[in-house]
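Here, each number is a calculation from the coordinates, and none is a lab measurement. Fair warning: this is a prediction, and the values are worked out from it, not measured in the lab. Because the Cβ atoms are built from the backbone with ideal geometry, glycine has one as well, and the counts that use them run over all protein chains shown.
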Amino acid sequence: MEFNMGFELRERQGVWYCVIPSFERTGLVSHGFSTRKGGVSGQQYSTLNLGFKKGDSCDAVMQNFLRFCRALDINPHNTVFSDQVHSDKVAVVGAGDRGKGAFKESDILQVDGLMTQEPQVALVTFYADCVPLFFLDPVRKAIALSHAGWRGTVACIGAKTLEGMSRMFGTRPEECLIGIGPSIGPCCFEVDLPVAEQFAKVFDKYKDIIIKPGQKPGRYYVNLWMANALQLEEMGIPHHNITVADMCTSCNHDLFFSHRRDKGNTGRMAALLMLKG
């Protein structure tokens, strides 16, 4: 269970973001996970807020989004947003979906994951503590992004994303690369007994690794990174193909927004992944 640890922090054109070294080495994708540094928003949204529905100025958020895309050399009109309702649903998207979410109304509803085999289709998901899951099949040239909050993790959205890629694109788990991005860490994600019991039921084999006693009776710390990594390893992903960012959004105030730390009054980061072509 020795996974690769660490995304790399980059700065380009004043925008700070994180990348997955194994993805970069393939030369197949443009990708990144944004931080809160490098934008134009103020107050609690300072500065690179990418949440369009969080009360920030729409003009500021759009300018931030354009900056992030430009830093990654991605045409913003090629982006596709997911709906993100903490489900386990993953949608296949293509060239006809480009622009949905940012520039035109979207019919991609009730989904928390996106996958494609088409180049120049940039998948986008949004975060402020939940776990970003990046998927790259370098053999069949297919990608996916999934938003795994605690509900999505318990619902095994990571495994279901991989199953979808196998069904639609012929992806073989042993050939796939995975990135588990910055999110709330086991240091800060404390839950009550009913939530802990859901994790214990789904991850019974690993419950002693994933769940630890909390600060008070009836409270527990849950390791979302390990839950998702072990879930994907069980699906056949080699452990050395899984990179865990090991960056807690709640701990790193200067670098990330955090819904839990900031009691919901905060901005959003984004994960972005696109096949070059």
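Computed quantities for the displayed model
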{"item": "Local net charge near R151, Cβ-Cβ under 15 Å (Lys/Arg +1, Asp/Glu -1)", "result": "-2"}
{"item": "Given charges at beta-carbon only (K, R positive; D, E negative), |dipole| of region 134-188 in Debye", "result": "140 debye"}
{"item": "For the chain, calculated [θ]222 nm from helices alone, where every DSSP H run of n ≥ 4 adds -39500 (n - 2.57)", "result": "-6500 deg cm²/dmol"}
{"item": "Relative contact order (%) - criterion: Cα under 8 Å, at least six apart; region: region 54-159", "result": "26 percent"}
{"item": "Size of electric dipole in region 148-264: Cβ of Lys, Arg +1 and of Asp, Glu -1, about Cα centre, debye, nearest 20", "result": "360 debye"}
{"item": "Under Karplus coefficients 6.51, -1.76 and 1.60, residue-wise ³J(HN,Hα) of region 223-232 in Hz, glycine/proline x", "result": "9, 5, 4, 5, 4, 6, 5, 5, 4, 6"}
{"item": "log₁₀ of I(q)/I(0) at q = 0.10, 0.13, 0.16 Å⁻¹ - the chain, Debye sum with one point per alpha carbon", "result": "-0.46, -0.80, -1.24"}
{"item": "Pairwise FRET efficiency - Q215 versus A95, Cβ, R0 = 51 Å, nearest 0.05", "result": "0.55"}
{"item": "Compactness relative to 2.2 N^0.38 Å, alpha carbon Rg of region 126-214", "result": "1.20"}
{"item": "Where the Cα pairs of region 22-130 fall when distances are cut into 5 Å bins, in %", "result": "2, 12, 21, 23, 22, 14, 5, 1"}
{"item": "Charge dipole magnitude, Cβ of K and R +1, D and E -1 - the chain, Cα centre, debye nearest 20", "result": "420 debye"}
{"item": "Whole-angstrom gap from region 21-81 to region 218-277, using each part's C-alpha centre", "result": "17 Å"}
{"item": "The chain - share of DSSP beta bridges that are antiparallel (%, nearest 5)", "result": "75 percent"}
{"item": "Estimated inter-spin distance, M168 and V85, nm [label 7 Å along Cα→Cβ]", "result": "1.8 nm"}
{"item": "Rel. contact order, % - alpha carbon contacts under 8 angstrom, at least six apart, the chain", "result": "25 percent"}
{"item": "Whole-Hz couplings from phi, Karplus 6.51/-1.76/1.60, listed for region 202-211; x for Gly and Pro", "result": "6, 10, 3, 4, 10, 4, 6, 8, 7, 10"}
{"item": "Sequence-distant residues sharing a close amide H with V131 (under 5 Å, placed H)", "result": "A148, G149"}
{"item": "log₁₀ of I(q)/I(0) at q = 0.22, 0.28 Å⁻¹ - region 1-54, Debye sum with one point per alpha carbon", "result": "-0.87, -1.08"}
{"item": "J(HN,Hα) series, region 266-273, from Karplus relation 6.51 cos²θ - 1.76 cosθ + 1.60, nearest Hz, glycine and proline x", "result": "7, x, 9, 9, 9, 9, 9, 8"}
{"item": "Cross-link partners of K205 among lysines (Cα-Cα below 28 Å; sequence separation of 8 or more within a chain)", "result": "K89, K160, K216"}
{"item": "As computed over region 113-176, the Cα convex hull volume per residue (Å³)", "result": "73 Å³"}
{"item": "Sorted by Cβ density within 10 Å, fewest first, the residues L145, L28", "result": "L28, L145"}
{"item": "Sequence of K212, K37 once ranked by neighbouring C-beta atoms within 10 Å, starting from the fewest", "result": "K212, K37"}
{"item": "5 angstrom amide H check on D246, placed H, neighbours 5+ away", "result": "G6"}
{"item": "For region 102-141, average projected area of the Cα convex hull in nm²", "result": "4.0 nm²"}
{"item": "Radius ratio Rg over Rh of region 157-277, counting only Cα atoms, Kirkwood formula for Rh", "result": "1.00"}
